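Heads up: the structure comes next, in structure tokens.
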Amino acid sequence: MRKPLIAGNWKLNMTIAQSLELVNTLKSQLSEINNVDIVVAPVFTSLNCVAEFLKGSNIAVSAQNCYPENKGAFTGEVSPDIIKDVGCRYSIVGHSERRQLFRESDIFINKKVRSLLAKELITILCVGETLAEREMNEMYNVIERQVTFGLHGVSPSDMRNVVVAYEPVWAIGTGKTASKKQAEEVHAFIRRTLTDKFNDEIANETRIIYGGSVKPDNIDELMDQPNIDGTLVGGASLNSADFCRIVNFQRI
Ligand code: PEP
């Protein structure tokens, strides 16, 4: 029902030459895949050449972030219009690194979500609790707040362009993956939150993907969970063999 989505978040890595080398390998190694949506998210400066190189292929391109205004006096920022112009179909927003390092609030993230959806860009909204929040039993409150605020004012019809990424902060780049049970519990909770906010149909159609130290050796058990519809992959997406194995996950 929900087509799996595997997205590679390259973060602040790779020059243009390195980006093209990586997508050259991915394009040939993954050309036969048609049952998974494959996405790569390079740095802004590589977006255009990567998108041009992947034109007509089965790999789509995503920005890692955007600013919620389309133009104006916003030095250093990049807008949904510009992202679309360079060939992106997706953008990530609300990544925990942006929430933590750049102090992005739920309200600001919500503005980004709405500005991306207004341009029909597929929006990957990241949510997730810190270790302290999990240990204080605040996890579900935090996630409910991030989902509800993040999707404030989003219409039911725009939800077709929304993907929610559950990324427990304690599992990002740490080598600690949430167990399949921990991840599934939160994914099921997010789906219930979407039912409460919208309805069962939208909740059942929205893809909820997992991120946090996803690797070739844990992808299969994660993808075996009923509410996990794909993954957002950081470190392992920089290695073509690892990323290809993740895209080629096996049903257990
Ligand atoms: C991420 O950056 O979204 C991520 C999940 O990183 P990693 O896979 O390296 O934990």
| query | Using θ = phi - 60° and the Karplus form 6.51 cos²θ - 1.76 cosθ + 1.60, what ³J(HN,Hα) does each residue of region 190-201 get, whole Hz, x for Gly and Pro? | reply | 4, 5, 5, 4, 5, 4, 5, 7, 10, 6, 4, 4
| field | Accessible heavy-atom area order of 159, 1, highest first, probe of 1.4 Å | value | 1, 159
| said: Under the rule that an exposed site lies in a DSSP loop and has at most 16 other Cβ atoms within 10 Å, name the longest stretch of the chain with no GluC sites (Glu not before Pro) of that kind, not counting the sites themselves. | reply: 139-252
| request: Kindly provide the chymotrypsin sites (Phe, Trp or Tyr not before Pro) of region 60-158 that DSSP labels as loop, not H, G, I, E or B, and whose Cβ sees at most 13 other Cβ atoms within 10 Å. | output: 74, 102
| query | With each pseudo-label sitting 7 Å past Cα toward Cβ, what's the residue 118-residue 28 distance in nm, one decimal? | reply | 4.4 nm
| field | Net dipole in debye of region 5-247 [+1 Lys, Arg Cβ; -1 Asp, Glu Cβ; about Cα centre; nearest 20] | value | 480 debye
| Structure-based [θ]222 nm, the chain - -39500 (n - 2.57) summed over DSSP H runs of at least 4, per residue, nearest 500 | -12000 deg cm²/dmol
| At a Förster radius of 35 Å, what calculated FRET efficiency corresponds to the Cβ-Cβ distance of residue 224 and residue 77, to the nearest 0.05? | 0.30
| field | Solvent-accessible area, 1.4 Å probe, carbon plus sulfur percent, for region 48-90 | value | 48 percent
| said: Which trypsin sites (Lys or Arg not before Pro) in region 103-144 sit in a loop by DSSP (not H, G, I, E or B) and have at most 10 other Cβ atoms within 10 Å of their own Cβ? | reply: 103
| query | Taking 0.36 nm per intervening residue step and subtracting the Cα-Cα distance, what contour gain separates residue 2 from residue 252 on full extension? | reply | 88.2 nm
| request: Check the straight Cα-Cα distances from residue 27 and name the lysines below 17 Å, setting aside those fewer than 8 residues away within the same chain. | output: 55
| Shape of the chain, Cα gyration tensor, a/c cut at 1.5 | rounded
| said: Please give the charge dipole size of region 1-144, origin at the Cα centre, charges +1 on K and R Cβ atoms and -1 on D and E Cβ atoms. Round to the nearest 20 debye. | reply: 340 debye
| field | Heavy atoms of residue 10 accessible to a 1.4 Å probe, total area in Å² rounded to 10 | value | 0 Å²
| message | Can you work out the Karplus-derived ³J(HN,Hα) for every residue in region 104-118? Use 6.51 cos²θ - 1.76 cosθ + 1.60 with θ = phi - 60°, whole Hz, and x for glycine or proline. | response | 6, 8, 4, 5, 5, 4, 4, 4, 5, 4, 5, 6, 5, 5, 4
| note | With all protein chains present and a 1.4 Å probe, the order of 206, 148, 130 from largest accessible area down is 148, 130, 206
| said: If amide hydrogens are placed 1.01 Å from N in the peptide plane, which non-local residues have theirs closer than 5 Å to the one on residue 8? | reply: 39, 40, 41, 233
| task | Might you tell me the accessible area per residue for region 5-247, computed with a 1.4 Å probe and given in Å²? | result | 44 Å²
| Karplus (6.51, -1.76, 1.60) ³J(HN,Hα), θ = phi - 60°, over region 171-178, in Hz, Gly and Pro reported as x | 9, 7, x, 9, x, 8, 9, 4
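The values are calculated or read from the model by the stated rules, or taken from the named source; none is laboratory data. This one's a predicted model, so the numbers in the text were calculated from it and none came from an experiment. Ideal geometry is used to build each Cβ from the backbone, glycine not excepted, and the neighbour counts take in all protein chains shown. Ligands, DNA and RNA are stripped out before the accessible areas are found, and what is left, the full protein with its side chains, is counted by its heavy atoms. Shrake-Rupley method; radii C 1.70, N 1.55, O 1.52, S 1.80 Å.
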